[in-house]
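Structure, as C-alpha cells:
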There are 2 protein chains.
Amino acid sequence: MSLEHAILGFLQYGPSSGYDLKARFDLSVQHFWPADQSQIYRTLAKLAKDKLAWVEHCEQEDRPDRKVYHITEAGSEELRRWLTRPLAMKGGRSAPLVQVFFAGQLSDEELLAMFRRRADEVRAGLEQLRQVPERAEQVTWGIDDPREEWCWYLTLECGIRSTEAFLAWLEDVIARIERGEAPRQREEAVCER
Amino acid sequence: MSLEHAILGFLQYGPSSGYDLKARFDLSVQHFWPADQSQIYRTLAKLAKDKLAWVEHCEQEDRPDRKVYHITEAGSEELRRWLTRPLAMKGGRSAPLVQVFFAGQLSDEELLAMFRRRADEVRAGLEQLRQVPERAEQVTWGIDDPREEWCWYLTLECGIRSTEAFLAWLEDVIARIERGEAPRQREEAVCER
DNA sequence: GTCTGATATGTGACTTGTCCTATATAGGAC
DNA sequence: GTCCTATATAGGACAAGTCACATATCAGAC
C-alpha cells in the first residue's frame, strides 16, 4: 500500500494529524497520489495498530481536539525499506485515452471538440502545477531539509514535463485533424462478420 | 466504469469471447488500461445482465466451448454516449514518484541506483511500446477501419511521447546527481520537535 | 438566534481491481 | 503414461479507493 508509505513519509518530517496530512497531500503529492480524507484516517488507524506510528491526543480549547500521529522506530525502518525497494513501474490507467482509442466512430467535429476540451483542461492543469511552489511556500511546510525539498521539486518537474509532452501531443493531434488528416470511416462502418 | 466501456468498444468492432478480449487488451490498450482476466469475465456477465450485450454459446470440437458476446443496440448507444462524455482528467497514481518525493533521506548512491534502475525499466518499456505495431499486425485484429486504426495509433503515440518525456527527465536527474548537484542533508537529519 | 465555514474525526456501503485457485479439453513433447 | 502449454471460463478472498453522510467545536457574519 503506497498511501501507507506516503503517510509514513510525511510523519518522518514531523508529527501530524489526519487533517494536516490531508492538506499536505493536496498541496504536494496530490498530482501523482491523490488521497481521500476518510482513507487517510483509516490508514492512520492501521499504522497505529501495526505499531508504525503512535497517537498523541491533543486537547485544544479554541478548536476540536486533534489526534497527532508520531512515527515510531519501526515506522522509520519500514519507510526506509520501502524507499529502497524496487517498485514495479506499472503504468496508471487513463480513461481519456480509452476514449481516444475507441473514438473512431465519432465525426471530425466531435473529435476536435473532445481534443480541444482536453487541451484546455491540460493547460489549466499545467498552470496549477506551475503555481504549486508559490502556493506551497505560503504554508508552514515542515520541510526545511534542502535535500528533501529538492526531491519534492523533482516530482513537480516530472509532472510538468510529462504534462507538457501530453499537451504537445494533443495540440499535434488537433492540428492534424484541422488539416483533414484523419482518415474517413469505411462506408459500411459497422462491421458484421 | 471504464473497463465496461472499453469492452463495449471492442465488441463494437465485432463479437468476442472473454478470452479474445483479454488478448486484445494485452495487445492494444494494455499500456493505459490493463485488464485482469477474471475481471473481464465478471464485467462481461454484468454487460449481459444489463442488456448491453448478449451471449452466444459456441460449441467447439477441438477446444473448450466459448461464450461469444455481441453488443446490443443499447450497448452501442451507451458506448457512443460515453465516448462523447467529458471525462474528468484525474491523473493516475504513481508509486515510483511517491518514492522520489520522499527519497531525501537516501544517499546519492541509493538515489542513483534507484533512478538508473528506473531508467532501464522505462527504456525497456519504450522498446515494448515501439514494437506494438509489429506485434499487433501479426494478429487477426478485427479493426479494418482506417479511422479506428488511426485512433489506435494516436494512443500509442501518446504513450511513446509521454514515456520519452519521462525518460528524459530521469536522465536529466541522473546527470544532475552525477554532477553532485543534489543538496546535502542537514546535519540533524532526523528532525525532532 | 441562526447560519455558514473552518477545524477535526470518523462510519458504512459500495465499486474496482488484484491474486490465487479451480475446472475442463486437447495437442504435442518426453 | 505424464507433463506442459494453449484454449476457455469462473469463483472467493482480499486490498484499495470512492462517495455520502454523521458528528462536534468554535468564530464570525447577518
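The values are calculated or read from the model by the stated rules, or taken from the named source; none is laboratory data. Keep in mind the model is a prediction, meaning the values are calculated, not measured. Reconstructed Cβ throughout: ideal geometry from the backbone, glycine too, with neighbour counts over all protein chains shown. We work out accessible area using only protein heavy atoms, side chains counted, and drop any ligands, DNA or RNA first. Shrake-Rupley method; radii C 1.70, N 1.55, O 1.52, S 1.80 Å.
At a probe of 1.4 Å, how much accessible area disappears from chains A and B on forming the pair, both sides counted, to the nearest 100 Å²?
Result for this pair: about 8000 Å² buried.
If we hang a label 7 Å off Cα along the beta carbon direction at A:ASP144, how far is it from the matching labels on the other copies, in nm, shortest first?
Computed spacing set for this position: 7.1 nm.
Compute the Rg/Rh shape ratio of the protein assembly as shown: radius of gyration over Kirkwood radius, all on alpha-carbon atoms.
The Rg/Rh ratio comes out at 1.03.
Using a Gaussian network for chain A with springs between C-alpha atoms less than 10 Å apart, which of these wobbles most: A:GLU134, A:GLU56, A:GLU78?
So, out of A:GLU134, A:GLU56, A:GLU78, the one fluctuating most is A:GLU134.
Taking amide hydrogens as modeled 1.01 Å from N in the peptide plane, which residues meet the under 5 Å criterion relative to A:SER16, leaving out close sequence neighbours?
For A:SER16, the qualifying residues are A:TYR69.
In whole Hz and in residue order, list the ³J(HN,Hα) couplings for region A:89-101 that follow from phi through the Karplus curve 6.51 cos²θ - 1.76 cosθ + 1.60, θ = phi - 60°; x for Gly and Pro.
Calculated HN-Hα couplings, in order: 7, 5, x, x, 9, 9, 4, x, 5, 4, 4, 4, 3 Hz.
Between beta-carbons, use under 10 Å as the cut-off and find the net charge around A:HIS57, counting Lys and Arg +1, Asp and Glu -1.
Result for the local shell: -1.
Taking θ as phi - 60°, what are the ³J(HN,Hα) couplings along region A:16-29 by the Karplus curve (6.51, -1.76, 1.60), each to the nearest whole Hz, with x for Gly and Pro?
Result, ordered by residue: 8, 9, x, 4, 4, 4, 4, 4, 5, 4, 5, 8, 10, 8 Hz.
With a cut-off of at most 13 other beta carbons within 10 Å, and DSSP calling the residue loop, which trypsin sites (Lys or Arg not before Pro) in region B:4-53 qualify? Please list them.
Qualifying residues, ordered by number: B:LYS51.
Give me the residues in region B:69-85 whose solvent-accessible area, probe 1.4 Å, is reduced by at least 20 Å² once all protein chains are included instead of the chain isolated.
Residues passing the criterion (a loss of at least 20 Å², heavy atoms only) are B:ARG80, B:TRP82, B:LEU83, B:THR84.
Please compute the per residue accessible area over region A:2-83 with all protein chains in place, 1.4 Å probe, rounded to a whole number of Å².
Per-residue value: 51 Å².
Considering Cα pairs under 8 angstrom that are at least six residues apart, work out the relative contact order of chain A and quote it in whole percent.
With pairs under 8 Å counted, the relative contact order is 21 percent.
Over the alpha-carbon set of region A:95-178, work out the extent along each principal axis and list the three values in angstrom, largest first.
Result, largest extent first: 53, 21, 19 Å.
Which chain A residue hugs the A-B rotation axis most tightly by its Cβ, and what is that distance in angstrom, to the nearest whole number?
Nearest residue, distance rounded to whole Å: A:GLY92, 1.
Taking the Cα centre of region A:1-61 as origin, work out the dipole magnitude from +1 charges on Lys and Arg Cβ and -1 charges on Asp and Glu Cβ, in debye rounded to 20.
Its charge dipole is roughly 260 debye.
Of the candidates A:GLU73, A:GLU181, A:GLU157, which one comes out as most mobile in a Gaussian network treatment of chain A with C-alpha springs shorter than 10 Å?
A:GLU181
Check B:ARG93: other-chain or 5+ apart residues with amide H under 5 Å from its amide H, H built from backbone geometry?
Correct list: A:ARG93.
Any chance you could run the full-extension gain for A:LYS90 through A:MET1? It's 0.36 nm times the residue separation minus the Cα-Cα distance, nm to one decimal.
30.7 nm
In the structure shown, do any of A:LYS51/B:LYS46; A:LYS22/A:LYS49; A:LYS22/B:LYS51; A:LYS49/B:LYS46 have a Cα-Cα gap over 31 Å, and if so which?
Too far apart for the 31 Å limit: A:LYS51/B:LYS46; A:LYS22/B:LYS51; A:LYS49/B:LYS46.
What residues qualify as long-range amide H neighbours of B:ALA53, i.e. H under 5 Å apart, gap of 5 or more or another chain, H built at 1.01 Å from N?
Result for B:ALA53 returns B:ALA48, B:THR72.
Find the relative contact order for region B:2-83 and round it to a whole percent, using C-alpha pairs within less than 8 Å whose residues are 6+ positions apart.
Reported as a whole number, the value is 35 percent.
Of the residues B:THR163, B:THR155, B:THR84, which exhibits the maximal mean-square fluctuation in a Gaussian network model of chain B defined by a 10 Å Cα contact cut-off?
Of the options given, B:THR84 has the highest mean-square fluctuation.
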